[in-house]
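Quick notes on the structure that follows.
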Amino acid sequence: MHPNPAFRQTPNERNLEFARARGFGILAVCSPEGPLMSHIPFLLNADGTRAEFHLVRSNPIARLLSGPLRARLAIEGPQSYVSPDWYGVEDQVPTWNYVAVHLVGEVTLQPQEGMRDLLDRQSAEFEARLAPKPEWRAEKMTPEVLERMMRQIVPCAMRVDEIAGTWKLGQNKPEDVRLRAADHLGPAGQGQESDLLAEWMRAPPA
């Protein structure tokens, strides 16, 4: 995470809201062979103290979960290159603006009998975002097929001990300079969701 305090003023409530809305991140752990990472959808509880997800049983991270495992869940938001020409002032350098939130804590395996409940809650969360589409439910699957698939995955939970957010939106620049860069970034952004990044640069979330 960027060390500049100007980019790390967002309250934890906003960081958690962002993470919960995204619902997808990179789970990173250390192993004897080196760092391991998995891209996972997750659920975050109301107070942000617990993230739930599942892993394929053959995932190397799952194989390490004979006991609690320290981990970091990184959630990425909009990001883009920012050209120094866009600021309209001299002696600027290229940079990359972005939003990211990290959740840190211990991951543990959960009882396998809770796998169906977790799947139902995950699908309900993300299907609800597709309304008015009729909600997909696990009952649509052949029971034997569903049972076979559930045996291939394991439920996991992370106890969240630390929340870190970086909202690098040009807050270290004068407002008029930041706004000029945002106006250019919208149509010319390189990265992902540059229009949203430009919007947040105009009014950094608080």
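The values are calculated or read from the model by the stated rules, or taken from the named source; none is laboratory data. Note that the structure is predicted; figures quoted are calculated from it, not measured. All Cβ positions, glycine included, derive from the backbone under ideal geometry; neighbour counts span all protein chains shown.
What residue, of 65, 16, 55, is in contact with a strand residue (DSSP E or B) (Cβ under 7 Å, 6 or more places away or on another chain), part of a strand (DSSP E or B) and at pLDDT 95 or above?
After ruling out the rest, the residue left standing is 55.
May I ask you to list the residues in region 185-204 that are among the hydrophobic types (A, V, I, L, M, F, W, C) and assigned to a loop (DSSP other than H, G, I, E, B)?
Listed by number, the list holds a single entry, 203.
Kindly provide the set of residues from region 26-54 that are closer than 21 Å to residue 120 by Cβ and either buried (at least 18 other Cβ atoms within 10 Å of the Cβ) or touching a Pro at 6+ places or on another chain (Cβ under 8 Å) (or both), ordered by number.
40, 42, 44, 51, 52, 53, 54
Tell me yes or no: at least one residue of region 116-127 is under 30 Å from residue 198 (Cβ atoms) and either charged (D, E, K, R) or without any contact (Cβ under 8 Å) to a residue 24 or more places away in the chain (or both).
Yes - at least one qualifying residue is present in region 116-127.
Please determine whether any residue of region 125-146 is touching a His at 6+ places or on another chain (Cβ under 9 Å), part of a helix (DSSP H, G or I) and under 20 Å from residue 38 (Cα atoms).
No - not one qualifying residue is present in region 125-146.
Only residues that are without any contact (Cβ under 8 Å) to a residue 40 or more places away in the chain and surrounded by 13 or more Cβ atoms within 10 Å (Cβ to Cβ): list them for region 142-160, please.
If the condition is that a residue be without any contact (Cβ under 8 Å) to a residue 40 or more places away in the chain and surrounded by 13 or more Cβ atoms within 10 Å (Cβ to Cβ), then 146, 149, 150 are the ones that fit.
Let's see how each residue does on (1) touching a Ser or Thr at 6+ places or on another chain (Cβ under 7 Å); (2) under 30 Å from residue 2 (Cβ atoms); (3) of a type outside the set (D, E, K, R):
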position: 117; (1), (2), (3): no, no, no
position: 131; (1), (2), (3): no, no, yes
position: 144; (1), (2), (3): no, no, no
position: 162; (1), (2), (3): no, yes, no
position: 166; (1), (2), (3): no, yes, yes
position: 170; (1), (2), (3): no, yes, yes
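Give me the pairs: first residue in region 60-87 and closer than 18 Å to residue 24 by Cα, second residue of a type in the set (Lys, Arg) and not in a strand (DSSP E or B), beta-carbon distance under 8 Å, and six or more apart or on different chains, which are they?
Final answer for the pair search is 75/22; 76/22; 77/22.
Of the residues that make up region 129-141, is at least one over 24 Å from residue 21 (Cα atoms) and not charged (D, E, K, R)?
Checked against the condition, which is being over 24 Å from residue 21 (Cα atoms) and not charged (D, E, K, R), region 129-141 yields at least one hit.
In this structure, does residue 64 turn out to be surrounded by fewer than 18 Cβ atoms within 10 Å (Cβ to Cβ) and not hydroxyl-bearing (Ser, Thr, Tyr)?
It is true that residue 64 is surrounded by fewer than 18 Cβ atoms within 10 Å (Cβ to Cβ) and not hydroxyl-bearing (Ser, Thr, Tyr).
Please go through region 68-120 and give me each residue that is among the polar types (S, T, N, Q), within 30 Å of residue 201 (Cα to Cα) and not in a strand (DSSP E or B), ordered by number.
Within region 68-120, 83, 92 meet the criteria.
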